[in-house]
Structure formats: C-alpha cells, structure tokens
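Working notes for the structure below.
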Amino acid sequence: MTFKEAIAELKARGTEQNRTIYARHGVTGESYGVSFAHLRAVARRIQTDQDLAAQLWASGIHDARILATMVADPEAISSAELDLWARDLDNYILGDAFAGLAGKTPFVDEKID
C-alpha cells in the first residue's frame, strides 16, 4: 500500500463521532477519527512496512501515526528514529500505541532507562 492509498483509506474510514471522542481524550491537530478496529484492519493488509510507517508518522496526522506504530518494523526502526517519534507524543492514545512498538524493539531496555 502506498502512502497516498493509506491516507485515502484513513480519510474514508474516519467519522465525526470518533473525532469528537478523540478530542475529549486529548487528541489535538489533524485527525480523521478512524476507529481502532478499522486501523487494525488496514494494518493487517499492510503487515510490516517501515518505509510506509516513517511516512505515516511524518504526516503528523493522529490516525496515520497510530497506524505507523502498527506497521513499523521493530527490528528495522533505529534508536534515533524512535527518539524522534517519542518527541511527537502529545496524547495518551498515541503514547500507548508508541509504547507497544517501543516494547518490541531491540533497545527496549535502553529506552526504559
């Protein structure tokens, strides 16, 4: 799946109701309001794609960043890139998704410290 295809799918699956809910939970900035069920379905189709994950994260779109944590390759993401992503965490939803990825990387013990 290309970046443009992923973004188009996220836009199509988002809802105003979910955007409202996410906003109540601290999500600021651009968000399409995609449910986690839909995000997981898209992630299953993509499987693992570190290049796409980096593009999704760089978009700054909340839903794209959540998807990035689902399709990123824990063995391929660098420690420096993980640190850069961590600086962008601005709500607990994204923080939880990021922690799931970070916990699978080879530098989990280093990052915990």
State yes or no: is Thr69 open to solvent by 20 Å² or more (accessible area, probe 1.4 Å) and on the phi < 0 side of the Ramachandran plot?
-> no
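Yes/no per residue for (1) in a loop (DSSP other than H, G, I, E, B); (2) open to solvent by 80 Å² or more (accessible area, probe 1.4 Å):
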site	(1), (2)
Lys4	no, yes
Gln17	no, yes
Ser31	yes, no
Arg40	no, yes
Arg44	no, yes
Leu52	no, no
Gln55	no, yes
Gly60	yes, no
Asp63	no, no
Boolean, Asp83 is open to solvent by 30 Å² or more (accessible area, probe 1.4 Å) and within 15 Å of the chain's Cα centre (by Cα) | yes
When Asp96 is evaluated against the numbered criteria (1) of a type outside the set (A, V, I, L, M); (2) part of a helix (DSSP H, G or I); (3) over 23 Å from Arg13 (Cα atoms), which criterion, by number, is the only one it fails?
-> (3)
How many residues does the range 6-15 contain that are assigned to a helix (DSSP H, G or I) and over 11 Å from Ile61 (Cβ atoms)?
-> 4
What are the pairs, 6+ residues apart or on separate chains, where a residue within the range 95-108 that is within 20 Å of Asp49 (Cβ to Cβ) has its Cβ under 7 Å from a residue that is hydrophobic (A, V, I, L, M, F, W, C) and open to solvent by 20 Å² or more (accessible area, probe 1.4 Å)?
-> Phe98/Ala86; Phe98/Leu89; Ala102/Val108
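The values are calculated or read from the model by the stated rules, or taken from the named source; none is laboratory data. On a predicted model such as this, the values are computed, not experimentally measured, just so you know. Heads up, the Cβs are rebuilt from the backbone with ideal geometry, glycines too, and the neighbour counts pull from every protein chain shown. The area values use the complete protein model at the heavy-atom level, side chains included, leaving out ligands, DNA and RNA. Shrake-Rupley method; radii C 1.70, N 1.55, O 1.52, S 1.80 Å.
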